[in-house]
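These notes are about the structure you will find just below.
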Amino acid sequence: MGLSSSQARLLTITARLTSNEYESQQISNAKMRLATQSEQASSEYISALNSQKLMFTTYDAQGSPVTENLTANALFSYSDLKNQYALVNSHGQVLLPSADVKNFENSNNLSEFLRSYGVTKMYKSETLQTNAELLESAEYQGYYNNWINAIQELKTKTYTEQDEAGNEVTLTSDQKYQLEKANTYNLYMEALEGYQDAVLKYETGVSIDVDAYLTRLTEAKAAYSNTITYDTWLQSQLAYETTTQKAADGTEITVTNETALYSDVKKYFAAQEEMVMEAKSLGCTSEEDMYVYSDESKARWYTNLWYRLNGESTDKSAQGANQSNYEILDAKLASSSQWIQDALSQGVITIEAATYMKEPNLVPDSNRPLTLQLKGISWTPKEYTSCTDFTTEDDERAIAKAEAEYNRKNNEISAKDKKYENKIKTLDTEHNALQTEYESVQSAMSKNIERSFKAFS
């Protein structure tokens, strides 16, 4: 019985020793993982010590440099003495805050766009100011656009006429003009000959109504004048309409009146003519000589932006109306210094710099002197590392954050390591006690077996 219980105890001790050895191995592995974590924390801390952030340098009103974190908002916001940049995505679109996009989309021309930022034109006289405001108003712009659209529509119109054989033929607008020009010329020459003949007869004493011939000649001359050029003929077709009315005596008479379309556009041209005359009297040689901006620097900044979004015309172009040249930038990204640094370094976005050289702007349409073809403006792609107002400095915030994280992780690792050390000591103590007991039981079993063999022998 003693031998059996000793054997059972020996097995229990052996199992416990094996368990201790396994637990010790697990703790050793955990300590190795702690060493790896400590090494990783050190690497992250060292990396943070080497981290840098992009900074943007501008100048205040006194010309002193002001440095701030580089963000899209820092680039977009206007400031005097500041280089102008644009952020461009892989599709060539400018990334803009929603406020700038809204101002552009709500503006039909550059003047309206500038006014949305508080920039106005200050003309050199009240007459210039009044007429410029009229010509830029939606009402007068509508008069002119309706007139131009009607002319373009008339150019594509076709006419059905009968030739000398009585057959119907279709004429283009230009062919119709050539036919009427020939007819009015013939009628004018006939009226001229009739008037000259009537004058000769009157001078020889013949009683004749010369005034009637003169009236006919005047009307024929006016009709012919309207066909001198294709453009004058087109305009005459739109300017007047002829109706047949009954006179008091019951006879039918032909009455010619101005069309409403022509009456409206005459207001536009009258304001334009008065403006041009006033400009000449003031010695202005171009439309740009007639005014100054309330803020020239700010006007230049947003004129550059208009050019990048719309193209070279001061009127809203097809490109600008299609909204293909820009994209709204998320407000969170616009205020993030980390996003712009990562996006630039990874090539997700690129930089364009605005440059301006004074060149005379052109008036492409003499009928619209307030519409200009902008010159001297360009946007040039540029490496962000070559921008002199982009600088780098140690990211103190990131370093402080990394140091706090490093200390936290190290404290956690130290606490766990101390816990593991204490556990190992406990296991070692227990292991030694078990080993001693194991040897004692084994020795007792050996003596017990020896005594049993002696008794049997």
At q = 0.17, 0.22 Å⁻¹, the log10 of I(q)/I(0) for region 114-185 from a Debye sum over equal Cα scatterers comes to -0.78, -1.01
Here the FRET efficiency for K266 versus Y78, based on Cβ atoms and R0 = 35 Å and rounded to 0.05, is 0.30
Any lysines whose Cα falls less than 25 Å from that of K423, other than same-chain ones fewer than 8 residues away, would be K31, K409
The ratio Rg/Rh over the Cα atoms of region 140-266, Rh being the Kirkwood inverse mean 1/r radius, stands at 1.06
Once S125 and T243 are pulled to full extension, the length gained, defined as 0.36 nm per residue separation minus their Cα-Cα distance, is 38.1 nm
Computed on Cα atoms only, the convex hull of region 295-378 has an orientation-averaged projected area in nm² of 7.3 nm²
Note: Y59 to T391 extended length (0.36 nm per residue) minus current alpha-carbon separation gives 118.1 nm
The summed charge of the S225 Cβ neighbourhood (under 14 Å; Lys/Arg +1, Asp/Glu -1) stands at -1
Here region 198-281 gives, from Cα atoms, an Rg and Dmax in Å of 19.0, 55
If N is the residue count of region 220-260, its Cα Rg over 2.2 N^0.38 Å rounds to 1.43
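Taking the Cβ of A270 as the centre, find all other residues whose Cβ is under 14 Å away and add up their charges (Lys, Arg: +1; Asp, Glu: -1).
For residues surrounding A270, the net value is -4.
No lab work stands behind these numbers, since they all come straight from the coordinates. The model shown is predicted, which means the values in this text are computed figures rather than measured ones. Note that we place each Cβ from the backbone using ideal geometry, even for glycine, and neighbour counts take in every protein chain shown.
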